[in-house]
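Engineer: Starting off with a structure, shown below.
None of the figures in this text is laboratory data; all of them are computed from the coordinates on show. Keep in mind the model is a prediction, meaning the values are calculated, not measured. Ideal geometry is used to build each Cβ from the backbone, glycine not excepted, and the neighbour counts take in all protein chains shown.
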Amino acid sequence: MMEASGDFTESSEPFRLFATWLDDATNSEPNDPNGVALATVDPEGMPDVRMVLLKGFDEKGFVFYTNFESAKGRELLSTMKAAMCFHWKSLRRQVRVRGPVEIVSNEEADAYFASRPRGSRIGAWASKQSRQLESRFALEKAVAEYTARYAIGEIPRPAHWSGFRLVPQTIEFWHDRPFRLHDRIVFTRTADGWEKTRLYP
């Protein structure tokens, strides 16, 4: 098990600590160290969770992209709140994040969409994400149609495809310890910055 760089419980700023842990995960996880469980609720208040890929973060928050017409897109637009949980099994660490979400700017979304592989950009047009699919052939046909439509030149970003930024109100860092006496440190956003608290395991 890899140890944190220094004593993470002494950290006073959560984003630098998160960057260190994500770097460690990049070196130790077999795939998708930026994979994160994203939790939302539907209009009836029923929780929903799925894995997404973190595509950026800074002091403003954690960014991911999706089809706004998908289940998670509709749920996020309805409540504008979400939670995340990163779990890096190789490190025995996890990070939990909760807070409101905001839509990223068109400039951010356009720049990220343009950076995706061409096939992924075609897929964003072809997939009616989360809706019923009558057959695999129907999806392949849609991919072929959009491939032909955008055979030449740039592929524009669909209006229904963009990103969200989770603006954390709390960020909790958890590190496995023997006998389940884990280290848990939670950062809570206040008007004056971040307040740090140690929690019982």
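Engineer: With angles folded into 0 to 90 degrees, how steeply does helix 136-149 sit against the dominant principal axis of the chain? Use alpha carbons for both and round to 10.
Structural biologist: The angle comes out at about 70 degrees.
Engineer: Calculate the all-directions average of the projected area of region 47-128's alpha-carbon convex hull, and give it in nm².
Structural biologist: Result: a mean projected hull area of 6.7 nm².
Engineer: While we're looking at this one, here's another question. Which residue fluctuates most in the GNM of the chain (Cα springs below 10 Å): G56, G45, G35?
Structural biologist: G45
Engineer: What is the distance, in nm, between label points placed 7 Å from the Cα along the Cα-to-Cβ direction at R74 and at E195?
Structural biologist: According to this spin-label approximation, the distance is 3.9 nm.
Engineer: Which residue, A138, A19, A37, tops the fluctuation ranking in a GNM of the chain built on C-alpha contacts under 10 Å?
Structural biologist: Answer for the Gaussian network model of the chain: A138.
Engineer: At a Förster radius of 25 Å, what calculated FRET efficiency corresponds to the Cβ-Cβ distance of Q169 and E107, to the nearest 0.05?
Structural biologist: Working: r = 26 Å, r/R0 = 1.03.
After rounding to 0.05, the efficiency reads 0.45.
Engineer: What shape does region 100-201 take by its C-alpha gyration tensor, where a ≥ b ≥ c are the square roots of the eigenvalues and a/c under 1.5 counts as rounded, a/b above b/c as prolate, and the rest as oblate?
Structural biologist: prolate
Engineer: Once you have the Cα-Cα distance between H87 and K141, take 0.36 nm times their residue separation minus that, and quote the gain in nm to one decimal.
Structural biologist: Extending this stretch completely gives an extra 15.8 nm.
Engineer: On a 0 to 90 degree scale, rounded to 10, what angle separates helix 106-115 from the longest Cα axis of the chain?
Structural biologist: Once rounded, the angle reads 80 degrees.
Engineer: Now, a different point. What residues have an amide H closer than 5 Å to that of K128, excluding those fewer than 5 places away on the same chain, when H is modeled at 1.01 Å from N in the peptide plane?
Structural biologist: Answer set, sorted by chain and number: none.
Engineer: Next question, about the same structure. Would you check the chain for Lys pairs whose C-alpha atoms are within less than 22 Å, ignoring same-chain pairs closer than 8 in sequence, and give me the count?
Structural biologist: Qualifying lysine pairs in the chain: 10.
Engineer: Could you derive backbone 3J(HN,Hα) for region 154-167 from the dihedral phi with the Karplus parameters 6.51, -1.76 and 1.60 (θ = phi - 60°), listing whole Hz in sequence and x where the residue is Gly or Pro?
Structural biologist: In residue order, the calculated couplings are 6, 9, x, 6, x, 4, 8, 10, 7, x, 10, 10, 7, 9 Hz.
Engineer: Another one. Among E172, E44, E154, which one moves the most in a GNM of the chain with springs linking Cα atoms closer than 10 Å?
Structural biologist: Evaluated over the chain, the most mobile residue of the options is E44.
Engineer: Can I ask one more? Near the amide H of D183, under 5 Å away, which other amide H atoms are found, from residues 5 or more places off or on another chain, if H is placed in the peptide plane?
Structural biologist: Excluding prolines and chain starts, which carry no amide H, the hits are H175, R177.
Engineer: What does the convex hull of the alpha-carbon atoms of region 8-198 project to on average, in nm²?
Structural biologist: Convex hull of Cα atoms, orientation-averaged projection: 13.4 nm².
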